[in-house]
Ligand code: NAD
Ligand code: UDP
């Protein structure tokens, strides 16, 4: 049995990861400050004898004896990470320093939840791990993008300077049950609007693209990466290469919910990336991983979840 710390464990992705790690027979310590996460995401795990919750903020040091750390703590939706941008930078940067310091001290292996946002508004398409990105360092998304880029730098520096065993995963847009209904991301917004018969809020002309992966595929990739040999650090893209415009996404959701909602067009937020699609050759080669859930299948499960909570 491994003892595993999951920061941001009460969030959307963290709660799925905690559940999977417990099911595989590990002891899981879930750390969260509940900024965007909720106890309800993990309440079904509370009676598990090997599950513990800790209310803590990663911007301050934390000490615990563990074998592995998954560092997911950070708001992920633009409306949440832009609410207090200074705090977002602190969470990424100071959170990384505190968790890397802990990993160094207790000799734990540590995985950083990085993001496709490190590629910014990419000029290379699809994006490979070797692409350095196209990020505006003073724009509204910078607190998140640059915070995550700096965290990657810190991970590599701790590995090179202090021999800390690190793994960096670059996660592309992920959706599924337990996304917060007011989280502002496109999949949750469109599904909630469609189910409530409200207008579908399309930002810009809807021709911008994203590649959406279902949460189960991501968690599988994340755990496979953590279990790679120590000399493999990543970064590795984990995402579904299926690429859709936001108009295509809206049409699918309207169809699958049978909604009468109509699409309304609103201004595109500043620095909103025009396109995004992962090159997953490295994940296929090193992790023997590829996504299995299509957008249609994943949306069906996600729509069923939102129906049950709203
Ligand atoms: P989320 O907002 O649901 O989860 C983030 C969790 O971190 C929440 O439970 C929140 O309360 C917690 N948190 C935030 N600041 C904290 C702090 N200072 N101290 C302790 N806990 C804190 O978002 P998510 O979608 O589950 O994302 C999880 C991680 O994955 C994030 O690091 C995010 O950047 C990364 N990621 C997510 C996606 C995606 O599409 N969902 C894509 C790329 C990267
Ligand atoms: N978007 C939209 N309507 C919404 C929410 C988002 O058209 O109600 C667009 C947004 O402008 C972006 C895309 O959907 O182009 C994905 O947005 P999200 O915030 O989910 O992810 P990110 O931009 O961080 O990839």
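Taking residue 217 and the conditions (1) closer than 23 Å to residue 239 by Cα; (2) touching a helix residue (DSSP H, G or I) at 6+ places or on another chain (Cβ under 8 Å); (3) in a helix (DSSP H, G or I), which numbered condition does it fall short on, given that it satisfies the others?
That leaves (2) as the condition not met.
Right, residue 104: more than 20 Å from the chain's Cα centre (by Cα) and in a helix (DSSP H, G or I) or not? Let's see the steps before the verdict.
On the way: more than 20 Å from the chain's Cα centre (by Cα): yes; in a helix (DSSP H, G or I): yes.
So residue 104 passes the test.
Please pick out the residue among 69, 79, 97 that is out of contact with any strand residue (DSSP E or B) (no Cβ under 8 Å at 6 or more places or on another chain), more than 16 Å from ligand 2 (Cβ to nearest atom) and not in a loop (DSSP other than H, G, I, E, B).
On the way: 69 fails: out of contact with any strand residue (DSSP E or B) (no Cβ under 8 Å at 6 or more places or on another chain); 79 fails: more than 16 Å from ligand 2 (Cβ to nearest atom).
So the residue among 69, 79, 97 that is out of contact with any strand residue (DSSP E or B) (no Cβ under 8 Å at 6 or more places or on another chain), more than 16 Å from ligand 2 (Cβ to nearest atom) and not in a loop (DSSP other than H, G, I, E, B) is 97.
Taking region 171-207 only, how many residues are within 7 Å of ligand 2 (Cβ to nearest atom) and either under 26 Å from residue 217 (Cα atoms) or touching a helix residue (DSSP H, G or I) at 6+ places or on another chain (Cβ under 7 Å) (or both)?
Residues in region 171-207 being within 7 Å of ligand 2 (Cβ to nearest atom) and either under 26 Å from residue 217 (Cα atoms) or touching a helix residue (DSSP H, G or I) at 6+ places or on another chain (Cβ under 7 Å) (or both): 10 in total.
Only one of 242, 204 is touching a residue at least 12 places away in the same chain (Cβ under 8 Å), surrounded by fewer than 18 Cβ atoms within 10 Å (Cβ to Cβ) and within 16 Å of ligand 1 (Cβ to nearest atom); which?
On the way: 204 fails: within 16 Å of ligand 1 (Cβ to nearest atom).
None of the other options fit; the residue is 242.
Where a number appears in this text, it was derived from the coordinates with a stated rule and is not lab data. Everything quoted here is computed from the prediction, not taken from an experiment. Note that each Cβ is placed from the backbone with ideal geometry, even for glycine, and that neighbours are counted across all protein chains shown.
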